[in-house]
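Q: Please read through the structure below; I'll follow up with questions.
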Amino acid sequence: MKIIIAPDSFKGSLSAENVAKALKAGFYPYFPKATYHLIPMSDGGDGFLAAMLHNTTGQLYPINVTGPNNNQITATFATIDHGQTAVIETASASGLELSTTKDPLHATSYGTGELIKAALDLGVSKIILGLGGSATNDGGAGLLQALGLKLLDHDGNVLSFGGAALKNLATIKTDAFDQRLQTTKIILASDVIAPFIGPKGASFVFGPQKGASEKDVNALDKALQHFAQVIYQTTQKDITNVSGAGAAGGIAGGLLAFSHAQLQSGVHLMLEMTALSELAQGADLLLTGEGSLDAQTELGKAPLGVLQTVKKVAPNCLCCGIAGQIKDVAQLHELGFDALFSCVPGVVTLTEALSATEQNLTQTATELARFLKKAQNI
């Protein structure tokens, strides 16, 4: 029996690697002779760096950077391909989980820019930047400032951090901007399709989960609109409606404007790195999932990419989705999931659910394994 275990992380509780281990722990006692392939996944958000390094060798570089609340933290990036490629996770330096308080009006992406600069100083020729899980809504302004871009108000003063300050932007000066970004290949790994601004843009779609009120959302969107206008005056690049430019609070848009960055599906990038299509040939069972499986899964989330890849090479494989929250079940079945399981054992608080994720995942896998073992003997 060949079992593929390829989940994304359960945000706020367990990494993709530990989710995979927890699921295997439930299955192994009942199927000890099975062949297990544990393949942690990520679509570019939290856990992207760990998932990438699970599938290749690399060297880690922890450095002190500016956190989202303008506090000093330690963030880590890695180099792979014999030091030629840097892998950076936005959430490591500018993540929502790092926030001492949710403050999207003032949260900065400066620390992610510091990671990029540190990678450039090592002489890398390629940077893969995982977007997602950010606390910021500054259009990548902080990141660009860390790389030498000058954002000035009408009095010639440097703008303060955060998306709200962009409403005061008058001039962008590029004379001190790091020119290595023009020759370094930059891949933005994300499956977000939100444009930079508007009702489906960065502020409206992702602002509320970062702590933005309705008033804040409107203020941030207007600030990003103004930022985009000044960017166009400076570079002649219009990023306002580019699909995916709203990823990570607009970081994608900022980099698209001031470098030769390219957007790429985070899921597809991971699928290439893991060689899942080869490992899944002849698979009997797939276990995949993340914190929530619902209608948004269809928008390119990691579990869907895994499901489609496995079904293509192993059409008879039983594909099971496991999550803390299961919604839109009929739609998920239409996508190809054969069965869906919530690992939450009843009515519990969010804190209780998050603290017991590993235990609950193993228990859910145990029950599924028991059932399949019994079914084999019917």
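Q: Of all the residues that make up region 150-174, how many are within 16 Å of residue 231 (Cβ to Cβ) and not hydrophobic (A, V, I, L, M, F, W, C)?
A: Residues in region 150-174 being within 16 Å of residue 231 (Cβ to Cβ) and not hydrophobic (A, V, I, L, M, F, W, C): 8 in total.
Q: Provide a single number: the residues in region 20-42 that are part of a loop (DSSP other than H, G, I, E, B), of a type in the set (Phe, Trp, Tyr) and closer than 24 Å to residue 291 by Cβ.
A: 1
Q: Can I ask one more? Does any residue of region 138-145 turn out to be hydrophobic (A, V, I, L, M, F, W, C) and either part of a loop (DSSP other than H, G, I, E, B) or surrounded by fewer than 24 Cβ atoms within 10 Å (Cβ to Cβ) (or both)?
A: No: zero hits.
Q: Further question on the same structure: I'm trying to understand the selection: among the residues of region 111-129, which are within 18 Å of the chain's Cα centre (by Cα) and either assigned to a helix (DSSP H, G or I) or closer than 19 Å to residue 162 by Cβ (or both)?
A: The answer is 111, 112, 113, 115, 116.
Q: Moving to a separate point now. Give all pairs with beta carbons closer than 6 Å in which a residue from region 114-130 that is over 9 Å from residue 86 (Cα atoms) meets a residue that is among the charged types (D, E, K, R) and crowded, with 18+ Cβ neighbours inside 10 Å; count only pairs at least 6 apart in sequence or on separate chains.
A: Note: pairs meeting the criteria are 130/89.
Q: Also, I was wondering about something else. Please tell me if residue 164 is among the small types (Gly, Ala, Ser) and in contact (Cβ under 8 Å) with a residue 60 or more places away in the chain.
A: Against the criterion (among the small types (Gly, Ala, Ser) and in contact (Cβ under 8 Å) with a residue 60 or more places away in the chain), residue 164 does not qualify.
Q: In region 352-364, which residues are within 22 Å of the chain's Cα centre (by Cα) and more than 12 Å from residue 19 (Cα to Cα)?
A: Correct list: 353, 354, 355.
Q: Looking at region 335-349, is at least one residue in contact with a helix residue (DSSP H, G or I) (Cβ under 9 Å, 6 or more places away or on another chain) and in a helix (DSSP H, G or I)?
A: Taking every residue of region 335-349 in turn, at least one turns out to be in contact with a helix residue (DSSP H, G or I) (Cβ under 9 Å, 6 or more places away or on another chain) and in a helix (DSSP H, G or I).
Q: Still on this structure, please answer the following. Can you work out which of the residues in region 80-106 that are among the hydroxyl-bearing types (Ser, Thr, Tyr) and either open to solvent by less than 10 Å² (accessible area, probe 1.4 Å) or touching a Gly at 6+ places or on another chain (Cβ under 6 Å) (or both) is nearest to residue 130 (Cα to Cα)?
A: Checked region 80-106; the qualifying residue nearest to residue 130 (Cα to Cα) is 90.
Q: Anything in region 302-328 that is under 17 Å from residue 341 (Cβ atoms) and either of a type outside the set (A, V, I, L, M) or more than 24 Å from the chain's Cα centre (by Cα) (or both)? List them, or say none.
A: Listed by number, the residues that qualify are 303, 317, 318, 319, 320, 321, 324, 325, 327, 328.
Q: Separate question: Can you pull out the residues in region 150-194 that are open to solvent by less than 30 Å² (accessible area, probe 1.4 Å), more than 25 Å from the chain's Cα centre (by Cα) and closer than 30 Å to residue 84 by Cα?
A: Selection gives 177, 178.
Q: Same structure again: Can you name every residue in region 222-238 that is open to solvent by 10 Å² or more (accessible area, probe 1.4 Å) and within 16 Å of residue 198 (Cβ to Cβ)?
A: Matches in region 222-238: 222, 225, 226, 229, 232, 238.
Q: Here is a follow-up. Spot the failing condition for residue 220; the list is (1) assigned to a helix (DSSP H, G or I); (2) without any contact (Cβ under 8 Å) to a residue 60 or more places away in the chain; (3) farther than 27 Å from residue 49 by Cβ; (4) not hydroxyl-bearing (Ser, Thr, Tyr), and only one is missed.
A: Going through (1) assigned to a helix (DSSP H, G or I); (2) without any contact (Cβ under 8 Å) to a residue 60 or more places away in the chain; (3) farther than 27 Å from residue 49 by Cβ; (4) not hydroxyl-bearing (Ser, Thr, Tyr) one by one, residue 220 breaks only (2).
Q: Here's a follow-up. For residue 72, only one of the following conditions fails: (1) surrounded by 21 or more Cβ atoms within 10 Å (Cβ to Cβ); (2) closer than 30 Å to residue 162 by Cβ; (3) of a type outside the set (Gly, Ala, Ser); (4) out of contact with any helix residue (DSSP H, G or I) (no Cβ under 6 Å at 6 or more places or on another chain). What is its number?
A: Answer for residue 72: the failing condition is (1).
Q: Could you identify the single residue in 12, 67 that is closer than 23 Å to residue 137 by Cβ, surrounded by fewer than 18 Cβ atoms within 10 Å (Cβ to Cβ) and touching a residue at least 24 places away in the same chain (Cβ under 8 Å)?
A: The conditions single out 12.
Q: Let me ask another. Only one of 247, 280 is in contact (Cβ under 8 Å) with a residue 12 or more places away in the chain, surrounded by 14 or more Cβ atoms within 10 Å (Cβ to Cβ) and in contact with a His (Cβ under 9 Å, 6 or more places away or on another chain). Can you tell me which?
A: Matching residue, one of 247, 280: 280.
Q: Follow-up. With the condition being modelled with pLDDT of 95 or more, I'd like the helices (runs of 4 or more DSSP H) fully within region 232-281 carrying at least 1 qualifying residues.
A: Helices (runs of 4 or more DSSP H) meeting the threshold: 247-258.
Q: To continue, here is another question. Exactly one condition in (1) outside any loop (DSSP other than H, G, I, E, B); (2) in contact with a His (Cβ under 7 Å, 6 or more places away or on another chain) is not met by residue 61; state its number.
A: (2)
Q: When the residues of region 32-52 are narrowed to those that are more than 22 Å from residue 248 (Cα to Cα) and touching a Phe, Trp or Tyr at 6+ places or on another chain (Cβ under 8 Å), which ends up surrounded by the most Cβ atoms within 10 Å (Cβ to Cβ)?
A: For region 32-52, the residue satisfying everything is 36.
The values are calculated or read from the model by the stated rules, or taken from the named source; none is laboratory data. Quick caveat, the model's predicted, so the values are computed rather than measured. Counting neighbours? That spans all protein chains shown, and the Cβs are built from the backbone with ideal geometry, glycine included. The protein model used for the area step is the full one, side chains on, heavy atoms only, and it has no ligands, DNA or RNA in it. Shrake-Rupley method; radii C 1.70, N 1.55, O 1.52, S 1.80 Å.
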